[in-house]
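The values are calculated or read from the model by the stated rules, or taken from the named source; none is laboratory data. Here the structure is a predicted model, which is why all the values come from computation and not from measurement. Cβ sites come from the backbone with ideal geometry, for glycine too, and all protein chains shown count toward neighbours. These area figures cover heavy atoms from the full protein model, side chains too; ligands, DNA and RNA do not enter into them. Shrake-Rupley method; radii C 1.70, N 1.55, O 1.52, S 1.80 Å.
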Amino acid sequence: MTKRASTARSVREALQVAEGPFTLLGYDPAGTPLAPGSKSKAAKDLARTGKVLAEQQVMLYANGTTGDQRRVLLVLQGTDTSGKDGVVSHVVGQVGPAGVRITSFRRPTAEERAHHFLWRVRRALPAAGIIGVFNRSHYEDVLVTRVHESIDDAAWAERIADINAFERELTESGTVLIKCFLHISYAEQRKRLLARLDDPAKYWKFNPADLDERAYWADYQSAYAAAIAATSTEWAPWHIVPSDAKWYRNWAISQLLCDGLLGLKLSYPPADFDIEAARARLQPPF
């Protein structure tokens, strides 16, 4: 736990990257800052938060139907097995599917490579009133490319500048942007990969290529640190979410998402029709 986390009054404050020099070494993947107690207590609190998230999502969606341009975008980044799918299932899965758009960014297609790297990202942005989730995101284009040296330093810096400008544009147009790095340890990743090999029901989740990427662990840690340091801005800060403990990861991100929605101070839109006239038409005789 960082010194900042130990004195924080909210999960957002505890996990948000502070200004100044940044390194992942200051963040414990097994930490549980401001956890409500045990795993079971966190599960109960997650369920309570889920009810709040569900109600807030309905209000966000309702306002979107009236022309309100506000929306939420949850960005999930992390190494293989860090738990992005788990967050989608256990946190985002608590709200109604009609008001959610989930996008997973994989290796760019030939068509996508023919455009600016943000082209496919813009096409996946949530509409007004929607909670969007990026399961991997535009950051893949400054992470994988850096580790495998498919772009040079100048191109990397240009993409970073494009990302900062893009995210500023998003927040200024009414998007609540919540960026989460799911921080796990090298040992925990090994444990999770072995679990997939031990369970026939999880063979489909195992990709031998993940072992090839695991060999670049140190390079990925450096790439993440560089990208986070360069893009944790006043308008779009990063949150480092300790993720060795799955229960804490889910609880913490539910808190961040709830905090973002509550910050909008949502309410249901007023009726744009004559309520009493409508009521009268429903009175007998039919």
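Solvent-accessible surface of protein heavy atoms, probed at 1.4 angstrom with all chains present, puts Tyr203, Tyr216 in the order Tyr203, Tyr216, largest first.
DSSP bridge analysis restricted to the chain gives an antiparallel fraction near 5%, rounded to the nearest 5. For the chain, the solvent-accessible area works out to 52 Å² per residue, with a probe of 1.4 Å and every protein chain left in place. Hey, can you list the DSSP H helices of the chain whose Cα span along the axis is 20 Å or longer and whose average Kyte-Doolittle score is at least 1.0? Going by DSSP H runs, there are no hits. Comparing mean-square fluctuations of Trp238, Trp119, Trp204 from a GNM of the chain with C-alpha springs under 10 Å, the top value falls on Trp204. If you plug the beta carbon distance of Asp85 and Arg281 into 1/(1 + (r/R0)^6) with R0 = 45 Å, you get a FRET efficiency near 0.40.
Taking a cut-off of 26 Å between Cα atoms, list the lysines near Lys205, but don't count ones fewer than 8 places away on the same chain. Qualifying lysines at Cα under 26 Å: Lys39, Lys84, Lys179, Lys191, Lys246. Please give the residues of the stretch 70-89, grouped as numeric ranges, whose backbone N is less than 18 Å from a label point set 7 Å along the Cα-to-Cβ vector of Glu112. Residues 74-81, 84-85 qualify, since their backbone N sits under 18 Å from the label point.
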